[in-house]
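See below for the structure under consideration.
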Amino acid sequence: MYATTPSQSTTNGHTAVMSKSRASVEVRSFCPSIFCFTDEIVARRVNDKVWLLADETTDQAWLMMGEQPTCPHCGTTLLTTARA
Ligand SMILES: [Zn+2]
């Protein structure tokens with residue numbers, strides 16, 4: 001029986017390997033839901049459909065698929081605080 005282990009390991013804090021030279025865009029976002037305790041989420045675009053979300057206050061990170069980053073706690077589409 002062969003179990004193929006995914007090459008991705010679970011992300012603990014800031015262990016995600018991302019080359020800084022790739023200049024990924026960092027977007028400061030927040031959850032608009034009043035029922036959610038999420039404060040600020042930093043969203044980095046990994047590619048067209050994948051976002052790396054990081055909560056700097058709790059030191060957690062998530063990989064999220066989608067056109068737009070959504071709140072890792074409640075699933076609401078995040079709003080950006082920065083103006084492009
Ligand atoms: Zn939320």
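Computed from the coordinates by the stated procedures, all read-outs in this text should not be read as laboratory data. Not measured: the values here are computed from a predicted model.
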Query raised in the report: Given Cα pairs under 8 Å that are at least 6 residues apart, what percent is the relative contact order of segment 23-80?
Result: 33
Report summary line: Whole-Hz Karplus couplings 3J(HN,Hα) for segment 32-39, θ = phi - 60° and coefficients 6.51, -1.76, 1.60, Gly and Pro as x, run x, 6, 6, 8, 10, 8, 5, 8
Query raised in the report: Over segment 23-80, what per residue volume does the convex hull of the Cα atoms give, in whole Å³?
Result: 68
